[in-house]
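Undergrad: Just passing along the structure, written as structure tokens.
The values are calculated or read from the model by the stated rules, or taken from the named source; none is laboratory data. Nothing here was measured: the structure is a model prediction, and the numbers come from that model. No Cβ is skipped: glycine too gets one built from the backbone with ideal geometry, and neighbour counts run over all protein chains shown. Accessible surface is based on the protein model in full, side chains and every heavy atom, while ligands, DNA and RNA are left aside. Shrake-Rupley method; radii C 1.70, N 1.55, O 1.52, S 1.80 Å.
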Amino acid sequence: MTLDRLPESIARDGESVIVITWSDGQVSRLTARALRQACPCATCREKKRADQKADEKPSKPLTLPVLKAEEARPLTIVSMKPVGSYAYNIAFSDGHSSGLYPLKMLDELGS
């Protein structure tokens, strides 16, 4: 599967948005929250599956999660590094940094 367009530039807009200008002139603005929620790493995929299974079970008493200090702060993008010529690794302020975002995925998220 090939990507019809490639990023010509990737820039930050503040601490929580990246702006990608594609080879066809289109511009994508991706927020840290949208990128973090779409994280394709194995841990996040498994957590999403577990959450879906929990939604299917009978409801249990409401319990509030305990947040770490970094999770309570506004989510920001700490760094973004290319992985070969096909993806980017993005590190977030909540400490998560294991997701690899293929260019095709970034293109789809920005559409």
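Undergrad: Can you pull out the residues in the range 23-50 that are more than 21 Å from residue 97 (Cα to Cα) and either part of a helix (DSSP H, G or I) or not charged (D, E, K, R) (or both)?
TA: Correct list: 23, 25, 26, 27, 28.
Undergrad: Being open to solvent by less than 30 Å² (accessible area, probe 1.4 Å) and among the small types (Gly, Ala, Ser) is the filter here; which residues of the range 72-92 pass it?
TA: Listed by number, the residues that qualify are 87, 91.
Undergrad: Would you check which residues across the range 7-22 are touching a residue at least 12 places away in the same chain (Cβ under 8 Å) and either assigned to a strand (DSSP E or B) or surrounded by 12 or more Cβ atoms within 10 Å (Cβ to Cβ) (or both) and list them?
TA: 7, 8, 9, 10, 12, 15, 16, 17, 18, 20, 21, 22
Listed here are the residues, each with its yes/no results for (1) within 20 Å of the chain's Cα centre (by Cα); (2) among the hydrophobic types (A, V, I, L, M, F, W, C); (3) modelled with pLDDT under 95; (4) more than 24 Å from residue 91 (Cα to Cα).
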| site | (1), (2), (3), (4) |
| --- | --- |
| 6 | yes, yes, yes, no |
| 15 | yes, no, yes, no |
| 18 | yes, yes, no, no |
| 28 | yes, no, no, no |
| 43 | yes, no, yes, no |
| 59 | no, no, yes, yes |
| 62 | no, yes, yes, yes |
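Undergrad: Right, another one. Within the set of pairs 6 or more residues apart or between chains, which connect a residue that is farther than 18 Å from residue 43 by Cα inside the range 92-108 to a residue that is of a type outside the set (Phe, Trp, Tyr) and in a helix (DSSP H, G or I) with Cβ atoms less than 9 Å apart?
TA: Taking only residues 6 or more apart or on different chains, the pairs are 106/35.
Undergrad: Looking at the range 23-48 only, could you name the residues that are open to solvent by less than 20 Å² (accessible area, probe 1.4 Å) and among the hydroxyl-bearing types (Ser, Thr, Tyr)?
TA: Listed by number, the list holds a single entry, 28.
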